[in-house]
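The values are calculated or read from the model by the stated rules, or taken from the named source; none is laboratory data. As the structure is a computational prediction, the values presented were derived from the model and not from experiment. Heads up, the Cβs are rebuilt from the backbone with ideal geometry, glycines too, and the neighbour counts pull from every protein chain shown.
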Amino acid sequence: MSDDVSYLRFPHLHEDLLCFVAEDDLWVAPLAAEGERPGRAWRITADRTRAGHPRFSPDGTRIAYTSWRSLDPEIHLAPVAGGPSRRLTYWGSTDTRVCGWTPDPGDAAQILAVSSHNQPFSYFSWAYSVPTDGSPGGKLPWGPVTDIAIADIGDERRTLLLTGTPPHEPAAWKRYRGGAMGRLWLHGERLLPDIGGHLDTPMFVGGRIAFLSDHEGVGNLYSCRPDGTDLRRHTDHDAFYARHAASDGRRVVYQCAGGLWLVDDLETPDAVPRKLEVRLGGPRSGRRTYQVPASSHVDAVSVDETGRASAVSVRGSLYWLTHRDGPARTISDTPGVRVRLPEMLGSGGQVAYVTDAEGEDAVEIAQLPRASGDRPARRLAWGRIGRVQELVSDPDGERLAIATHDGRLLLLDTGEETSTGEPAELIRSVNGPVRDLAFSPDGAWLTWSHPGIGRSLRKIKLARIGGPGEPVIVDVTNGRFEDENPVFTGDGRYLAFLSWRGFDPVYDVHTGDLSFPLGCRPYLVPLSSATPSPFALLPDGRPAAGGLDPVDSAEAGMTEGSTVTVEFEGLQSRVTPFPVSASKYSALAPVSGGGLVWLRWPISGALGETFANPADMSGRPTLEHFNIAKAKKTELVGHLDWFEVSGDASRLVVMDDGELRAVPATEPGDNDSTVFLDLRRILHEVDPAAEWRQAYDEAGRITRSYFWEPDMCGIDWQGVLDQYRPLVERVATPDEFADLLREVLGELGTSHAYVSPARRNEGPPHYQRAIGLLGANFACRDGDWTLLRILPGDSSDSKARSPLAGTGIREGAVLTHVDGRPVDPVAGPYPLLAAAGGTTVELTFRPAEGGGRPRRIAIVPLIDERPLRYQDWVAKRREVVRELSGGRCGYLHIPDMGGSGWAQFNRDLRMEVSRPALIVDVRGNAGGHISELVVEKLTRTILGWDLTRDAQPVSYASNAPRGPVVALADEATSSDGDMITAAFRLLKLGPVVGQRTWGGVVGMTGRHRLGDGTVITVPMNAAWFDTYGWSVENHGVEPDLEVLRTPLDWAEGRYAVLDDAVRTALDLLAAHPPATPPTYDTAPDRRRPPLPPR
């Protein structure tokens, strides 16, 4: 392998050795002097599994690193001289990371790491010291920290901490200036509080404190003296960020643009870093081609006219597959080209699809494979159709309707002789893309769902596109509701659509509020006033919803394929609902016989607790058929993922958990009528290098198309893509490619630009199961693992219950065996529970001293105990607030602005607002979309009281705060958490106490899956506020009272922020007493008055 071709990350060094991560393995290389050719690097691991943050031990004999070989990242230890690595932790936390070592000699040295293990929030990472003997290690007392370094300076051991940073590194959001830029602490004293940059990787280097910062616009290496003076910049990167710096105490090595750099000297002001030459050996297996199972990578299916074959899109390529037998034949399979949205063109033996072969989207029309030979595909409309979101053909395959990302609805002639290749614009939306395109059976009409103002209103439009003259467009519905998925019935007499227009309110059982969870059902529109509604009461006494007799249909002369006639007058007044129950419907489609099929989804809570098993969040839909002539509904398939309809509407191809099968469209399939499609016939080979090139360019186009500001906020986006594109040739694993895209999207300088890799590891998947968690705290006492505390949980949250609760095991009992295997006195029970999450295990306990014989119990360990620890955390904070306020302050914590946050808010709202003052804690709020609902509750004002005899008065409005409200916020209050904090201040609901918030209010809508499977998000929706303007983004919301809980406060048990919040609330309470109900002393006198004299 030639030099300088790999994507090198996470470096560290010891004497003349350099370690780093490349190709999902840990490597060590000799550190060559400047100008010398380096020796060849060798692998320390051969896992082909994501790894990160390796650190040499102080004596250089071992390397501690983070490995994703298990389901969650854990700490592993590998010998430099060779040999197997050892797993040291069994934490089951998603953010475990090695930071370094304690400066102790030999085996006394312990690994320094951060993890949110046993914490209520994922952002709540604490520092740990982990021995190398396999014992679990101990939590350090400094509170939540992002990074830690420990060094002996003189005769004193000193600790360097980084706190208050976001979950993303600086390069993933470049020039971030929100509230989570980070705080440096040296032995309890804060350094450089006003530096104004995003800080990362603090290090002791010689007599200085080194770190990465982008306060001058680009991430570079800086250092200062231990007292914070003499700030210096040591690198001068002006395009790519310096990342993942590490030190051996004398030198600093870091990553930049896929290469490694070394700074030998921080004392000399004009010292220049040098790029390290690294020579890897090996085949770069991550870039070699390999086959994938088609069943796991089906993107889309388009079924032919007869329902006997389909065009199947597999990972960006297109294949022709007969349903019963025969080989799969290739329609389009060019490495580095992605094919999307296949659409059969009638019965003419052609298929259309979207291709990016020339960069921008174009429509390509290909002949289906024939034994007589293939004809070349025709490419149309390149560069003139934006990013295509939907592609639909008319029944004869002569015309395509195209919905683009920018709201245009285009028509494209597909005829080989008649097509000019130029699309014609039918209409343009000013409220986002149109969707749900559908042609009439005769191809002369086109219908679609057209967006209205806001994000939920849509109307059904209909256009006459056939015949002489210009197209005529009419509104089928008036846009008052969310109308979607319009289709013509097969006989052309009706237009059906789905609509969220049901207003049958359901009472909230907790607060008495009303909502509309059952608002959707299908609706039918007779296209002519002469066409009777099949659901109407007819003059001859036929009952309502009795349907039409087949003889009536024949007399009317309406058969499939007839000319469609639309009577515009009174069209909206002819809308009538189907006689089916309101529910949640999607994927409405016409089938043969004039009927319809649709998907009906289960109505469930946002947290999934409506299902019998709360861990099952799938909630897959049911496929149903509705016979309009008989007004009869039939279930076709019980559970599935999605389906497609054949050209003649007689067959359906159903995708069910990776399995395709063809079934009848009008009746349940049986063994004779169901055909299973053998996808093993599709032999698809992946070329990773070509895929990554295509996915890189596609990510650039998607970002350009959907970014919230049309001019990209002044960013030269093409220049950014050109700058990073050469690095694509270095990547060799999905995680490396995702890392590169994070850097690219980081140039947007905007929140909510995320990247998820196509898969975690370059190599084959390991057997991975979740670690089993017991919802309890244990400690080792003289070799016995003793139960200290069973977390109490909360009975209103099904996920917040310890498996040990209710088993009769008491605190003080000793856990001796797991599934009959003895608990190791050093490592404890955790290795025995490494893959036990969600499965039944047997635990053996020895009761506390003198408690009798050992007991065996069977339990199911938790996969995630964070909800349990969260409820425990909230209960403790509420107890602190009660104690500090003398019971006068209520306390609510809102963990996010989604379903779980709304549940938590309402779980305790009624109790907590009944106290004179209220503290609303949104620290660590992970964002979402329901801040408006929370604000509506908190802005309620008590206008009066409802008095009932022998009961306490109830306020009107109900559940309104009785007195002052104080909000708590911090740097982890993010996204919609930023917005509720801004609303708190703008509405003057009360003072905000704490720290400036995260500052990320340019939100995303949906996720985009690239050709290789990588998923990206694009910042699409920017929030603007009175007073703040655009400034909440990348700055956050300032508190009224800035209060910080320092590492020393954590170590000494001081609740600094809660103290000040309670004090503020009590001061406000003294100045503004709470609302109080009247007494009966002022009740009206209803006695009969005396009769006055005449």
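Of everything in the stretch 50-76 that is closer than 21 Å to LEU18 by Cβ and polar (S, T, N, Q), the residue that is farthest from the chain's Cα centre (by Cα) is THR61. Go through ARG1094, ARG1045, ARG1009, ARG1088 for me and flag whichever is of a type in the set (Lys, Arg) and closer than 22 Å to ARG190 by Cβ. Checking each option against the conditions leaves just ARG1045. Here GLN952 passes the criteria (1) modelled with pLDDT of 95 or more; (2) surrounded by fewer than 19 Cβ atoms within 10 Å (Cβ to Cβ); (3) of a type in the set (S, T, N, Q) except the one numbered (1).
Among the numbered conditions (1) of a type outside the set (Ser, Thr, Tyr); (2) touching a residue at least 40 places away in the same chain (Cβ under 8 Å); (3) buried (at least 24 other Cβ atoms within 10 Å of the Cβ), the only one that LEU199 does not meet is (2).
Scanning the stretch 637-649 for residues that are under 27 Å from PHE535 (Cβ atoms) and surrounded by fewer than 18 Cβ atoms within 10 Å (Cβ to Cβ) yields one hit, GLY638. Looking at this structure, is SER974 in contact with a Gly (Cβ under 9 Å, 6 or more places away or on another chain), at pLDDT 95 or above and of a type in the set (Gly, Ala, Ser)? Yes; evaluated as a whole, the condition is true for this residue.
Residues in the stretch 87-114 that are on the phi > 0 side of the Ramachandran plot and at pLDDT 95 or above: 1 in all.
Each row is one residue, and each column tells you yes or no for (1) surrounded by fewer than 19 Cβ atoms within 10 Å (Cβ to Cβ); (2) in contact with a helix residue (DSSP H, G or I) (Cβ under 9 Å, 6 or more places away or on another chain); (3) more than 23 Å from ASN485 (Cβ to Cβ); (4) of a type in the set (Phe, Trp, Tyr).
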| residue | (1), (2), (3), (4) |
| --- | --- |
| ASP361 | no, yes, yes, no |
| ARG378 | yes, no, yes, no |
| LEU400 | no, no, no, no |
| LEU437 | no, no, no, no |
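Here is the figure for the stretch 623-636: residues that are crowded, with 21+ Cβ neighbours inside 10 Å and more than 15 Å from GLY490 (Cβ to Cβ) total 2. Is the stretch 366-375 home to any residue that is surrounded by fewer than 20 Cβ atoms within 10 Å (Cβ to Cβ) and either under 36 Å from the mean Cα position of the chain (by Cα) or under 22 Å from GLY443 (Cα atoms) (or both)? The answer is yes; a qualifying residue exists.
Considering (1) over 23 Å from GLY164 (Cα atoms); (2) in contact (Cβ under 8 Å) with a residue 60 or more places away in the chain; (3) touching a Lys or Arg at 6+ places or on another chain (Cβ under 7 Å), the lone condition that ASP970 does not fulfil carries the number (1). How many residues are touching a Lys or Arg at 6+ places or on another chain (Cβ under 6 Å) and assigned to a strand (DSSP E or B) when one looks only at the stretch 294-328? So the answer is 1. Pairs meeting the criteria (first residue in the stretch 684-695 and over 23 Å from ARG329 (Cβ atoms), second residue buried (at least 19 other Cβ atoms within 10 Å of the Cβ) and among the aliphatic types (A, V, I, L, M), beta carbons under 8 Å, at least 6 apart or on different chains) are PRO688/ALA732; TRP692/VAL728; TRP692/VAL731; ARG693/VAL728; ALA695/LEU1010. Counting only strands (runs of 3 or more DSSP E) that sit wholly inside the stretch 148-194, those with at least 2 residues that are surrounded by fewer than 21 Cβ atoms within 10 Å (Cβ to Cβ) are 156-163, 189-191.
For the stretch 1000-1007, the condition of being surrounded by 14 or more Cβ atoms within 10 Å (Cβ to Cβ), aliphatic (A, V, I, L, M) and closer than 30 Å to ASP356 by Cβ holds for at least one residue. Is the stretch 288-310 home to any residue that is over 30 Å from ILE331 (Cα atoms), in contact (Cβ under 8 Å) with a residue 12 or more places away in the chain and surrounded by 20 or more Cβ atoms within 10 Å (Cβ to Cβ)? Checked against the condition, which is being over 30 Å from ILE331 (Cα atoms), in contact (Cβ under 8 Å) with a residue 12 or more places away in the chain and surrounded by 20 or more Cβ atoms within 10 Å (Cβ to Cβ), the stretch 288-310 yields no hits at all. Among the residues of the stretch 413-462, those that are polar (S, T, N, Q) and under 21 Å from TRP500 (Cα atoms) comprise SER429, ASN431, THR447, SER449, SER456. The number of residues in the stretch 748-779 that are in contact with a Ser or Thr (Cβ under 9 Å, 6 or more places away or on another chain) and among the β-branched types (Val, Ile, Thr) comes to 2. Considering only the stretch 333-347, I want to know if a residue exists there that is among the polar types (S, T, N, Q) and buried (at least 21 other Cβ atoms within 10 Å of the Cβ). For the stretch 333-347, residues among the polar types (S, T, N, Q) and buried (at least 21 other Cβ atoms within 10 Å of the Cβ): absent.
Each residue in the stretch 944-980 was checked for being of a type in the set (Gly, Ala, Ser), under 17 Å from GLU932 (Cα atoms) and assigned to a loop (DSSP other than H, G, I, E, B), and 3 of them qualify. On the given criteria, is ARG232 touching a residue at least 24 places away in the same chain (Cβ under 8 Å) and exposed (fewer than 15 other Cβ atoms within 10 Å of the Cβ)? So ARG232 does not fit the description; no.
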